[in-house]
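Here's the structure we're looking at; comments come further down.
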Amino acid sequence: MTDSIHTKTRKNIHISWSEQEGTRNVSSRIWEKMKVPARSLLQALVNASEKGAKIARVIRAESALLELLVQEKAGDQKNRRFVQDFKTLADVLVQETVRHDLSAQFPGIGASIYGEESNKFTNVLGESISVQVLQDQEATAQLLCSVLDDNMAAARLLAKVAHEEVLVDAGPELDDVDVDLDLEDLGVWIDPIDSTAQYIDGLCGIINDKGLVSCGLQCVVVLLGVYSKSAGLPQLGVCNRPFAQSTGEKWKGDLMWGVAIGEKKVFSLPSEKTTTNKQNLVVLMSQSEKPDVQKKFRASCSVQHAAGAGYKLLCVNQGIADAYVLSKSSTYMWDCCAPHAILLAQNGGVISYKRLCDFNGDPSSCSELSLNQQITYHHDNQPGSGSQRWCNRDGIVAYCSLEALQAIIKANRDN
Ligand code: 2IP
Ligand code: CA
């Protein structure tokens with residue numbers, strides 16, 4: 001988790017946005033608060049997620065970089081000068097690239113971007129370097145070289161993709177995102193590479209009859225979520241799978257986004273969800289879920305396992321599963337914020353597992369529970385220390401609709 005501090009963004013500056021996303025003109029018009037069109041921010045998130053996905057793919061495709069990842073798996077040659085491993089550098093580079101690109105387009109937002117990883121790398125002598133994307137490719141390459149044990153070839157490859165321009169067609173639904181956001185109220189959670197264990201293993205998962213993979217590169221997701229600092233609720237989310245489909249030697253990615261700002265709910269899939277042949281409610285769980293919780297749900301649901309918190313959440317977004325139930329505190333705000341925004345856009349949601357167990361009302365009245373008990377993402381309000389401050393300590397229950405939540409309440413209670 002980075003040590004970002006909330007700093008006040010400037011007032012009295014109005015940033016106007018051209019219809020061509022990515023073009024910014026700062027005018028002297030005075031506004032009380034800095035407003036940004038949600039559409040521009042979403043397009044920037046989509047582009048940044050794709051750059052993150054590219055970095056993840058390049059590392060697996062380029063032998064100079066893959067070797068570093070594989071060495072790490074073998075555990076025999078850790079970076080001699082720096083304590084951190086290459087996997088951490090890959091994560092941090094994705095995170096810092098997103099921070100750099102968003103900050104270039106939205107001045108002031110950088111201080112409100114929080115990621116899973118600290119960007120400080122420390123060597124055995126206790127000297128530290130902050131990994132950042134700098135003003136140009138060469139400067140970034142030099143900085144990366146210093147944490148890569150002077151491996152300039154690897155540093156140049158990474159710097160090249162970090163500085164590439166990426167513009168993604170976010171789809172026709174983007175036109176419906178016609179609301180503004182208050183820049184000062186926004187916080188961003190980044191999980192640069194979720195399912196890192198699958199990423200390092202690098203295997204191709206096999207799709208089962210439910211449309212799911214239980215493990216493999218397909219479970220890797222870049223997660224970018226924006227939340228409201230005042231309300232704590234997620235508002236924009238982009239989930240990008242760098243390895244969605246294997247086409248021979250190459251991987252093709254896919255992404256999904258959603259917007260839930262007050263009454264404005266838009267997401268990037270057709271409203272008709274994927275129809276898989278489901279007879280029972282499909283509930284995703286971690287392989288390490290408590291046996292008694294698994295048993296309880298197995299009585300009336302089809303319980304499926306898959307790696308990756310982000311991937312399981314995304315499967316609920318995609319209609320492949322109806323819900324994801326986790327009784328333990330093993331997810332963090334950066335895992336959930338982005339897919340949670342998409343679920344809210346779809347009239348689903350994420351509540352804590354504890355709230356599910358505590359709810360003793362009629363299951364048909366679960367709309368109250370859903371309306372008032374969504375998990376929140378406020379940065380400063382969490383007790384505890386270290387990364388535990390940002391964990392979802394009471395577990396999570398993600399559901400695609402109120403009907404699914406109702407069925408989950410019944411399954412949890414009846415058995
Ligand atoms: C992990 C990753 C794990 C998940 C865990 C997350 O994030 O998604 O796969 O456990 O909850 O925090 P599981 O696969 O059992 O659901 P990361 O890979 O970023 O550490
Ligand atoms: Ca994660």
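Values computed for the structure shown
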quantity	calculated
Helices (runs of 4 or more DSSP H) wholly inside region 113-220 containing at least 1 residues that are farther than 23 Å from Tyr332 by Cα	137-147, 152-163
Residue check, Gly258 in contact (Cβ under 8 Å) with a residue 40 or more places away in the chain, away from ligand 2 (no atom under 16 Å from the Cβ) and open to solvent by less than 30 Å² (accessible area, probe 1.4 Å)	yes
Test result for Leu343, out of contact with any Asp or Glu (no Cβ under 8 Å at 6 or more places or on another chain), crowded, with 22+ Cβ neighbours inside 10 Å and under 28 Å from Tyr114 (Cα atoms)	yes
Region 321-340: number of residues that are open to solvent by less than 10 Å² (accessible area, probe 1.4 Å) and more than 22 Å from Gly386 (Cβ to Cβ)	7
Residue tally, condition of a type in the set (Gly, Ala, Ser) and within 16 Å of ligand 2 (Cβ to nearest atom), over region 184-215	2
Filter result for Val220 (more than 14 Å from ligand 1 (Cβ to nearest atom), under 16 Å from Lys51 (Cβ atoms) and either out of contact with any Cys (no Cβ under 9 Å at 6 or more places or on another chain) or not assigned by TED's automatic domain parsing to the domain that holds Val179 (or both))	no
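The values are calculated or read from the model by the stated rules, or taken from the named source; none is laboratory data. Note that the structure is predicted; figures quoted are calculated from it, not measured. Please note: Cβ atoms are built from the backbone with ideal geometry, for glycine as well, and neighbour counts cover all protein chains shown. Protein only, heavy atoms only, side chains kept; ligands, DNA and RNA dropped before computing areas. Shrake-Rupley method; radii C 1.70, N 1.55, O 1.52, S 1.80 Å.
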